[in-house]
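Peer 1: Before I ask anything, here is the structure I am working with.
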Amino acid sequence: MDVKTLPRRPRVLVGKIGLDGHNRGAYVVAHGLRQYGVEVIYTGLRQTPATVARAAVQEDVDAIGISSMVGAHVSIVRKLRKELEKLNAVDIPITIGGIIPNEDFDELKALGVARIYPPGTEVKEIADFVFSLVVEKEWKCAVPGTLKGRSLEQMHLVGTTCSKCSRTYFPKRRNCPFCLDDAHVQEVELSRTGKLQSFVVTKAAPPGYSVPHAQGYVTLGDGGPTLFTLLTDYDESSLATGQSMELKCVEVRRDENDEPIVGYRFKPA
Amino acid sequence: MRDSYVLGVAMSNFGKHLDKGLKDLAYDPIWEAARDSKIDPHDIDIAFVGNAYGGILQGQESVRGQVIMREAGITGIPIINVENACASGSTAFYLAHRAVASGQAELALAVGVEKLFCGDTPTSLKALSTSTDVGIEGQMGMLFAGIYAMRFRGYMQKYGVTKEQLARVAAKNHLHGSLNPHSQYRKPYTVEEILESRTIADPITLLMTCPLGDGAAVALIGTKEMAQRMGKRPVKVGSSVLGSFDISGRETLSIAARTSQKAYAEAGVTAGDIQVAEIHDAVAPIELYLYEELGFCEPGGSARMIDEGATRFDGRLPVNTSGGLTAKGHPAGATGLAQVAEIAWQMRGEAGGRQMPTPPNVGMTENGGGNMAGETAVVAVNILTGE
């Protein structure tokens, strides 16, 4: 992947936390990433977790890379994570490189570390990960092409609108069935909220679905289309026609490569 | 277009036939219809064979019609496979009628056959849930009882229809089914029994829904001359119309309303002329919604029709005298042709214990299939007139 093909230049922070003067590795990574076109902010030696977290937020970086050579990696990551939580910035991925024993990998991953780079890692591998963070992720959707967004929380439904007749359709389509014309259609981000038109909670379901099985038709706001959807996070006794609903995206299952397949649901707002 | 006529009609008993395949189920009705028609079976010009799920459930993905006609022994003619979900049988009828009316054929065979029991109910349900876009609605675990419940709930709310009235529709159809030897359920149920049966999708209970079923139904379509030679009351195809769902937003009427209106217009009748109807009661309460969509009553008037017994076999507009899908059963691909058979039998005075006191002159069938973009994917309406 080439930085020129990306929607923007990625920006990362490389830092060293605590009493650890072994900065050669951090230099190599910082320099290498710069050669790949990544903008690198280097904190220098002996920083505190709070300083690093604050700098990451202020510089709006795509990832934090911590170098650790003295065995303090678990405690450094734990503290850094806490500082990021305080700044409401846990969505910034943490990566760590240096002398990291294999037996600590699971613990680091449990602490939310996105990638671990032990000695021998190619800079290209790190660059590829950084690049992947700024590419708009193409999600595999249970209903193909229906969802976009960086995370499940930020995801939205994708539809089509026709500028000739102003009708909006979901899922997205290649033409407008009202005008029978494909010259005026464009992809559009649909409202995350809507009204429940009709619903049912069935006491039987096809294989692969649990019972009770709740489905409904939701008309999306802002003149959006009506769609057939599964309902979630509902209380059966208080579901009512006309009530406000909100999009909730979930991982439906995993594909053969263990990649998530995402789907849309609606829950009472 | 010339007039076409329904000649002989026949159907197997609907039910669980674990020992029979598609071709075994279709064999007897094909030959009964041929004998009933008093035609020379060598004269059959073309066959349309309707079936929906034989690919998934029996593994006979291709040439099902040829397999069935091979067993029947009628080969060498054009055999056309027809799939339109639960309206496959009606679609075969539509095509057979068009073949004769257009002059393409003199004598056309329409067969509908289905085998939903495969020994594993979830597999059968999964097959039924493919009658939508499996890439869109199919990803939501579509269940027909749920789709009908949603369609019906708004209607109940709007007109204050009670659950008891819904159960009365099912009770009427179970009564009719108990009088029909071909019916899958042969026992009348009380309103209380129906309400007390297991809830499937509120307000729909088990005894309001059609069962899974196996069966076949057949009609031969021919010319006026053949109908006269048959020695029974000629039954003319007034019109045969096939409608599909709308995604454009152009249509203001429901698919059942617009398809039936087109059928009435083509046949030169109005809803008020209909004297008997077989309609798609995959869940019994949907009849109430359909009475209105088909023009049998004014808006909101359907619950009164059921309260007054107007749609019983001895009422003023009998509906589903066969027992309907609810009681007679619903082997998907066979249903549309079983509806045609019932109307023909009523017109010819051959409906046994459920025979209307006066054989009707104008009857209709309404048969739906699949679900797409919030509507029934296919609706077939036939108007038949007795001469």
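The values are calculated or read from the model by the stated rules, or taken from the named source; none is laboratory data. Everything quoted here is computed from the prediction, not taken from an experiment. Here Cβ is always computed from backbone atoms with ideal geometry, including for glycine, and neighbour counts include all displayed protein chains.
Peer 1: If you go through segment B:65-74 one residue at a time, do you hit one that is assigned by TED's automatic domain parsing to the domain that holds B:Gly222, crowded, with 17+ Cβ neighbours inside 10 Å, modelled with pLDDT of 95 or more and within 20 Å of the chain's Cα centre (by Cα)?
Peer 2: Checked against the condition, which is being assigned by TED's automatic domain parsing to the domain that holds B:Gly222, crowded, with 17+ Cβ neighbours inside 10 Å, modelled with pLDDT of 95 or more and within 20 Å of the chain's Cα centre (by Cα), segment B:65-74 yields at least one hit.
Peer 1: What tally of residues in segment A:192-217 results from selecting those that are within 15 Å of A:Thr168 (Cα to Cα) and either in contact with a Pro (Cβ under 9 Å, 6 or more places away or on another chain) or within 11 Å of another protein chain (Cβ to nearest Cβ) (or both)?
Peer 2: 0
Peer 1: Sticking with this structure for a sec: Six or more apart or on different chains, Cβ atoms under 9 Å: show the pairs whose first residue is in segment B:1-19 and without any contact (Cβ under 8 Å) to a residue 24 or more places away in the chain and on the phi < 0 side of the Ramachandran plot and whose second is not hydroxyl-bearing (Ser, Thr, Tyr) and not in a strand (DSSP E or B).
Peer 2: Pairs found: none.
Peer 1: Got a number for residues in segment A:4-35 being part of a helix (DSSP H, G or I), more than 24 Å from A:Thr48 (Cβ to Cβ) and in contact with a helix residue (DSSP H, G or I) (Cβ under 9 Å, 6 or more places away or on another chain)? Even if it seems obvious, please write down each step before you answer.
Peer 2: Going through segment A:4-35, the residues part of a helix (DSSP H, G or I) turn out to be A:4-5, A:24-35.
Now narrow it down to the ones that are more than 24 Å from A:Thr48 (Cβ to Cβ): A:4-5, A:31-32, A:34-35.
After this cut, where a residue has to be in contact with a helix residue (DSSP H, G or I) (Cβ under 9 Å, 6 or more places away or on another chain) as well, the list is A:5, A:31-32, A:35.
Number satisfying all stated conditions: 4.
Peer 1: Considering only residues of segment B:117-132 that are within 30 Å of B:Ile247 (Cα to Cα), touching a residue at least 40 places away in the same chain (Cβ under 8 Å) and assigned to a loop (DSSP other than H, G, I, E, B), which is farthest from the other protein chains (Cβ to nearest Cβ)?
Peer 2: By that ranking, first place goes to B:Ser131.
Peer 1: I'd like to verify a number: residues in segment B:309-347 that are more than 25 Å from B:Val111 (Cβ to Cβ) and either out of contact with any strand residue (DSSP E or B) (no Cβ under 9 Å at 6 or more places or on another chain) or not hydroxyl-bearing (Ser, Thr, Tyr) (or both), how many?
Peer 2: In the first step, residues of segment B:309-347 are kept if they are more than 25 Å from B:Val111 (Cβ to Cβ); the result is B:309-319.
If we keep only those that are either out of contact with any strand residue (DSSP E or B) (no Cβ under 9 Å at 6 or more places or on another chain) or not hydroxyl-bearing (Ser, Thr, Tyr) (or both) as well, we get B:309-310, B:312-319.
Residues that pass the stated criteria total 10.
Peer 1: Pull up segment B:133-183, narrow it to residues that are among the polar types (S, T, N, Q), within 18 Å of B:Ile204 (Cα to Cα) and touching a helix residue (DSSP H, G or I) at 6+ places or on another chain (Cβ under 9 Å), then point me to the one that is farthest from the other protein chains (Cβ to nearest Cβ). Walk me through it before giving the result.
Peer 2: Quick first cut of segment B:133-183, residues among the polar types (S, T, N, Q) only: B:139, B:157, B:162, B:165, B:173, B:178, B:180, B:183.
The next check asks that each one be within 18 Å of B:Ile204 (Cα to Cα); those that pass are B:157, B:162, B:165, B:173.
Cutting the leftovers down to touching a helix residue (DSSP H, G or I) at 6+ places or on another chain (Cβ under 9 Å) gives us B:162, B:165, B:173.
Numbers: B:Thr162: 18, B:Gln165: 19, B:Asn173: 21 Å.
Residue satisfying both the conditions and the ranking: B:Asn173.
Peer 1: Further question on the same structure: Picking from B:Ala127, B:Ala108, which residue would you name as being in contact with a helix residue (DSSP H, G or I) (Cβ under 7 Å, 6 or more places away or on another chain) and in the same structural domain as B:His330 (by TED's automatic domain parsing)?
Peer 2: Values: B:Ala108 fails: in the same structural domain as B:His330 (by TED's automatic domain parsing).
Within the list B:Ala127, B:Ala108, the selection yields B:Ala127.
Peer 1: Name the single residue, out of those in segment B:210-253 being more than 20 Å from B:Leu337 (Cα to Cα) and within 14 Å of chain A (Cβ to nearest Cβ), that is surrounded by the most Cβ atoms within 10 Å (Cβ to Cβ).
Peer 2: B:Asp246
Peer 1: Pick out the one residue from B:Ala110, B:Ala85 that is surrounded by 19 or more Cβ atoms within 10 Å (Cβ to Cβ), over 19 Å from B:Gly21 (Cβ atoms) and touching a Leu at 6+ places or on another chain (Cβ under 8 Å).
Peer 2: On the way: B:Ala85 fails: touching a Leu at 6+ places or on another chain (Cβ under 8 Å).
Every option except B:Ala110 fails the conditions.
Peer 1: For residues in segment A:160-188 being within 11 Å of chain B (Cβ to nearest Cβ) and among the hydrophobic types (A, V, I, L, M, F, W, C), which is surrounded by the fewest Cβ atoms within 10 Å (Cβ to Cβ)?
Peer 2: A:Leu180
Peer 1: Suppose we filter A:Val130, A:Val70, A:Val90 for residues that are in a loop (DSSP other than H, G, I, E, B) and in contact (Cβ under 8 Å) with a residue 40 or more places away in the chain; which single one remains?
Peer 2: On the way: A:Val130 fails: in a loop (DSSP other than H, G, I, E, B); A:Val90 fails: in contact (Cβ under 8 Å) with a residue 40 or more places away in the chain.
None of the others qualify; the one that does is A:Val70.
Peer 1: Which residue is nearest to the other protein chains (Cβ to nearest Cβ), if the candidates are limited to segment A:245-259 and must be out of contact with any Leu (no Cβ under 8 Å at 6 or more places or on another chain) and at pLDDT 95 or above? Before the answer, list the steps.
Peer 2: Residues of segment A:245-259 out of contact with any Leu (no Cβ under 8 Å at 6 or more places or on another chain): A:246, A:248, A:252-259.
Okay, now just the ones that are also at pLDDT 95 or above, so A:246, A:248.
Values: A:Glu246: 17, A:Lys248: 14 Å.
Looking at residues that are out of contact with any Leu (no Cβ under 8 Å at 6 or more places or on another chain) and at pLDDT 95 or above, I get A:Lys248.
Peer 1: Look through B:Ile80, B:Ile46, B:Ile39, B:Ile56 and report the one residue that is over 19 Å from the mean Cα position of the chain (by Cα) and either buried (at least 23 other Cβ atoms within 10 Å of the Cβ) or within 14 Å of chain A (Cβ to nearest Cβ) (or both). First the steps, then the outcome.
Peer 2: Details: B:Ile80 fails: either buried (at least 23 other Cβ atoms within 10 Å of the Cβ) or within 14 Å of chain A (Cβ to nearest Cβ) (or both); B:Ile46 fails: either buried (at least 23 other Cβ atoms within 10 Å of the Cβ) or within 14 Å of chain A (Cβ to nearest Cβ) (or both); B:Ile39 fails: either buried (at least 23 other Cβ atoms within 10 Å of the Cβ) or within 14 Å of chain A (Cβ to nearest Cβ) (or both).
B:Ile56 is the lone residue from the list that is over 19 Å from the mean Cα position of the chain (by Cα) and either buried (at least 23 other Cβ atoms within 10 Å of the Cβ) or within 14 Å of chain A (Cβ to nearest Cβ) (or both).
Peer 1: Can you tell me which of (1) within 14 Å of chain A (Cβ to nearest Cβ); (2) free of Cβ contacts under 8 Å to residues at least 60 places away in the same chain is the one B:Glu193 doesn't meet?
Peer 2: The one condition B:Glu193 does not meet is (1).
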